[in-house]
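Only one structure is covered here, and it is reproduced in the block below.
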2 protein chains.
Amino acid sequence: MKSVNKTSPPGRIKIMASFSTLMGTKDFQSITIAEIAKNAGVTEGLIYKYFKDKKDLLYQVLYQHFAGFLSLVQDRTAAENSCIAKLEAIVSASLESYSQNRVFARILLLEVRNSPAYFDSCAYAMVKKYSRLIREIVCEGIAKKELKPDTDPFLLQKVILGAIEHTCLKQVIFDRELDVQAASSGIINIVSYGVKK
Amino acid sequence: MKSVNKTSPPGRIKIMASFSTLMGTKDFQSITIAEIAKNAGVTEGLIYKYFKDKKDLLYQVLYQHFAGFLSLVQDRTAAENSCIAKLEAIVSASLESYSQNRVFARILLLEVRNSPAYFDSCAYAMVKKYSRLIREIVCEGIAKKELKPDTDPFLLQKVILGAIEHTCLKQVIFDRELDVQAASSGIINIVSYGVKK
DNA sequence: TTTTGTAAGTAAGTTTTACTCACCTTTTGT
DNA sequence: ACAAAAGGTGAGTAAAACTTACTTACAAAA
């Protein structure tokens, strides 16, 4: 697992900003190191001073975004009392963040998972914290008898996370709009009460 | 959208088989054209006679697997009567297929989605058929009053597909085993009756 | 002030790898 | 029989990721 930078020299900041901008216009594979360097006003060599390789740059940018996202989610859930309300806060905060930051969403949902190195990165460590948060809320809900006692926290976490991601996928891939409120309450409704008559 | 081959010359078959084998040991990016050719006993040039580029080869292999998978799913669902039973058949057939063919699962869940070209490929066309099948079953369930009338077929499809994929992700990424029966009945149980007490 | 060690940044390679193209060889339709 | 198409080859090209040897700025110790 790669640790994260403390200092941030101007060159490093410019490189990350340049890359983020480019990710808004094209996909990772189409972006070249030469392009990133030119756009940032630095030389190619400098990029390799701060980042192990092109993928490492991708993971660092994702980490930066995810750190902000995670603290938002933590704040929103802390503000709710019931377990179901906390879960709905997570779903809507996630959909909202993905909606407002398509670059972040695209990196997380489409661009990083193809490489085994991602699952050792500091970015994936944040994702693990995020999914653990969901499980903890579920466990708390079971303990407080808000949820059925035979609920499997791991499975419910997967259902919720899967629903969030699949809802965003269509939006990110085909650049569609999304009714965050309708989608999040719809997901929570299915998961809470089921669809069987 | 790329159309699909009719004939299959020996070289073509060897190339696809070689590539499939290599995908079992390493990820797409790490596999080189030279390696695929050597392993198949053909020259690099021949690969480009049958496949537009390296990604096209990936999509063709995925298409081949998915075609078999989809017909299995269709058979299994046709054998069931109730809507819930059909959905459970889809979930368990999917988890089973992904379990038994990790290469297929890894390609579908991790390796293809980063490229915009995938969403124009014949492989993705199969995925669309698959998700449409789920929606159709849901609509049928609503019509037959098995499911609640206010159920959103698109949303429920996303929840089910998301749950399937997230359940497989852990397994594929960390090479874990999976209790298909427990997972599929667990997912269907959550979606049918909900988790709220 | 001078020295020294380190971080920031550069510029010109090198290597790897996907992809091309002109050329043979075998099969097939008429 | 023979043209045409399909199967297959091997050397070559270009682009892009990465390396490395170097210079400049700059702070702290001497």
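Counting only residues that are more than 7 Å from chain A (Cβ to nearest Cβ) and among the polar types (S, T, N, Q), give me the helices (runs of 4 or more DSSP H) lying completely in the range B:105-197 with at least 3 of them.
Per the criteria, B:180-193.
Any residue at all in the range A:20-30 that is under 25 Å from residue A:162 (Cβ atoms) and either at pLDDT below 95 or among the acidic types (Asp, Glu) (or both)? First the steps, then the outcome.
At the first step, the residues of the range A:20-30 found to be under 25 Å from residue A:162 (Cβ atoms) are A:23, A:27-28.
From the residues that got through so far, the ones that are either at pLDDT below 95 or among the acidic types (Asp, Glu) (or both) too are A:27.
Yes, because at least one residue in the range A:20-30 is under 25 Å from residue A:162 (Cβ atoms) and either at pLDDT below 95 or among the acidic types (Asp, Glu) (or both).
Determine which member of the set B:70, B:62 is more than 16 Å from DNA strand D (Cβ to nearest atom) and within 14 Å of chain A (Cβ to nearest Cβ). Let's see the steps before the verdict.
Working: B:70 fails: within 14 Å of chain A (Cβ to nearest Cβ).
Selected residue: B:62, the only one of B:70, B:62 that is more than 16 Å from DNA strand D (Cβ to nearest atom) and within 14 Å of chain A (Cβ to nearest Cβ).
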Which numbered condition residue A:66 misses (of (1) surrounded by 14 or more Cβ atoms within 10 Å (Cβ to Cβ); (2) out of contact with any Lys or Arg (no Cβ under 8 Å at 6 or more places or on another chain); (3) at pLDDT below 95): (3)
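Results for (1) within 14 Å of DNA strand D (Cβ to nearest atom); (2) within 20 Å of the chain's Cα centre (by Cα); (3) not β-branched (Val, Ile, Thr), shown as yes or no for each residue.
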{"position": "B:13", "(1), (2), (3)": "yes, no, no"}
{"position": "B:17", "(1), (2), (3)": "yes, yes, yes"}
{"position": "B:20", "(1), (2), (3)": "no, yes, yes"}
{"position": "B:23", "(1), (2), (3)": "no, yes, yes"}
{"position": "B:31", "(1), (2), (3)": "no, no, no"}
{"position": "B:48", "(1), (2), (3)": "yes, no, yes"}
{"position": "B:52", "(1), (2), (3)": "no, no, yes"}
Residue in the range A:148-165 that is surrounded by the most Cβ atoms within 10 Å (Cβ to Cβ), counting only those that are within 18 Å of residue B:152 (Cα to Cα) and among the hydrophobic types (A, V, I, L, M, F, W, C): A:163
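Residue by residue, here is whether (1) in contact with a helix residue (DSSP H, G or I) (Cβ under 7 Å, 6 or more places away or on another chain); (2) more than 22 Å from residue B:101 (Cβ to Cβ); (3) within 11 Å of DNA strand C (Cβ to nearest atom); (4) not hydrophobic (A, V, I, L, M, F, W, C) holds:
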{"position": "B:8", "(1), (2), (3), (4)": "no, no, no, yes"}
{"position": "B:11", "(1), (2), (3), (4)": "yes, yes, no, yes"}
{"position": "B:23", "(1), (2), (3), (4)": "yes, no, no, no"}
{"position": "B:40", "(1), (2), (3), (4)": "yes, no, no, no"}
{"position": "B:61", "(1), (2), (3), (4)": "yes, no, no, no"}
{"position": "B:68", "(1), (2), (3), (4)": "no, no, no, yes"}
Every pair of residues 6+ apart whose Cβ atoms lie under 7 Å, when the first sits in the range B:18-31 and is away from chain A (no Cβ under 14 Å) while the second is away from DNA strand D (no atom under 16 Å from the Cβ) and not basic (Lys, Arg): B:19/B:61; B:20/B:61; B:20/B:103
Leading residue by the ranking (surrounded by the fewest Cβ atoms within 10 Å (Cβ to Cβ)) among those in the range B:166-197 that are of a type in the set (Gly, Ala, Ser) and within 19 Å of residue A:137 (Cβ to Cβ): B:194
Number of the condition not met by residue B:100 [criteria: (1) touching a strand residue (DSSP E or B) at 6+ places or on another chain (Cβ under 6 Å); (2) closer than 22 Å to residue B:175 by Cβ]: (1)
Residue count, the range B:73-100 (criterion: within 14 Å of chain A (Cβ to nearest Cβ) and either within 16 Å of DNA strand C (Cβ to nearest atom) or over 20 Å from the mean Cα position of the chain (by Cα) (or both)): 4
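Out of A:130, A:98, I need the residue that is of a type in the set (Phe, Trp, Tyr) and crowded, with 20+ Cβ neighbours inside 10 Å. Which one?
On the way: A:130 fails: crowded, with 20+ Cβ neighbours inside 10 Å.
Among A:130, A:98, only A:98 is of a type in the set (Phe, Trp, Tyr) and crowded, with 20+ Cβ neighbours inside 10 Å.
The values are calculated or read from the model by the stated rules, or taken from the named source; none is laboratory data. Computed from a prediction, not measured in an experiment: that's the story for all the values here. In this analysis, Cβ positions are derived from the backbone assuming ideal geometry, glycine residues included, and neighbour counts consider all displayed protein chains.
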